[in-house]
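Asker: To start, I am sharing the structure in question, which I have written as structure tokens.
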Amino acid sequence: MDLMNALYGRRSVRDYLDEPVDRQTLALLLDAAVQAPTAMHREQWAFVVVSGRGRLAEWSDRIKALALGGEAPAPDAHGPAALLADPAFNVFYNAPHLVAVCATEPGIMSVQTCCLAAENLMLAAHGQGLGTCWIGFAEGWLATPEGRAALALPDGWDCVAPIILGRPRAMPAAPGRKPALTRYIGD
Ligand SMILES: Cc1cc2nc3c(=O)[nH]c(=O)nc-3n(C[C@H](O)[C@H](O)[C@H](O)COP(=O)(O)O)c2cc1C
């Protein structure tokens, strides 16, 4: 796929077929992810691949319950209470996989490095005809002891980017963008 087509064509997918992604394809995507720039070439990333709609649906229920109960930090950008209260709403949109991109070292540069790996992963998935969506909704719970245990995170690892992955049932329309807010300094 042409790079510009990939950049313009990738969408956050919220409707998935019940089809797992095979291990070979998962490995290909993770290999593409680790081609991203990495601060001081420390490659301070790790990937936890969670499979199974049932497991993710259980986690979704925990995330919603904790967010509504105020026990976990409420997700900020996508957390209308009505949506969280809807029993049919699954924060993972019934995707077959969640890839947790994790920082293996503390500090902002590890977070930045993981975000770049996450974008590579999302673009590579799009190139393979797969869909992804970053699930900020899940971040609060994944940082709790319960969420960390669910991801089997060793001490020192923190989930930076929870990315769902699967074969899209439907591709959403492009939501569009504001023009890039730009200032030029110099010629
Ligand atoms: C940090 C971050 C957190 C996000 N969290 C969620 C989320 O919890 N649920 C969701 O449906 N989309 C989430 N998204 C996806 C955005 O809503 C989406 O990228 C945006 O609407 C633009 O759409 P596009 O990705 O199709 O271009 C998140 C994106 C980012 C970068």
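Asker: Among the residues of segment 89-130, write down those that are of a type in the set (G, A, S) and either under 21 Å from Y16 (Cβ atoms) or within 13 Å of the chain's Cα centre (by Cα) (or both).
Answerer: If the condition is that a residue be of a type in the set (G, A, S) and either under 21 Å from Y16 (Cβ atoms) or within 13 Å of the chain's Cα centre (by Cα) (or both), then A95, A100, A117, A118, A124, A125, G127, G129 are the ones that fit.
Asker: Right, next: Go through segment 83-140 and report how many residues are surrounded by fewer than 21 Cβ atoms within 10 Å (Cβ to Cβ), under 17 Å from M40 (Cα atoms) and either within 15 Å of the ligand (Cβ to nearest atom) or without any contact (Cβ under 8 Å) to a residue 60 or more places away in the chain (or both).
Answerer: Count: 7.
Asker: Quick check: is even one residue across segment 143-165 within 11 Å of the ligand (Cβ to nearest atom), acidic (D, E) and out of contact with any Lys or Arg (no Cβ under 7 Å at 6 or more places or on another chain)?
Answerer: No, segment 143-165 has no match at all.
Asker: How do the pairs read when you match residues in segment 7-21 that are within 11 Å of G166 (Cα to Cα) with residues anywhere that are among the β-branched types (V, I, T), using Cβ under 7 Å and keeping only pairs 6 or more apart or on different chains?
Answerer: Every condition considered, the pairs that remain are V13/T132.
Asker: Is it true that R42 is within 16 Å of the ligand (Cβ to nearest atom), touching an Asp or Glu at 6+ places or on another chain (Cβ under 8 Å) and not aliphatic (A, V, I, L, M)?
Answerer: no
Asker: Looking only at residues that are more than 18 Å from the chain's Cα centre (by Cα) and without any contact (Cβ under 8 Å) to a residue 60 or more places away in the chain in segment 24-41, which one is nearest to P96 (Cα to Cα)?
Answerer: Applying the filter and picking the extreme gives Q24.
Bear in mind these aren't lab numbers, they're just calculated from the coordinates by the rules spelled out. Remember, predicted model here, so these are calculated numbers, not experimental data. All Cβ positions, even for glycine, are placed from backbone atoms using ideal geometry, and neighbour counts span all protein chains on display.
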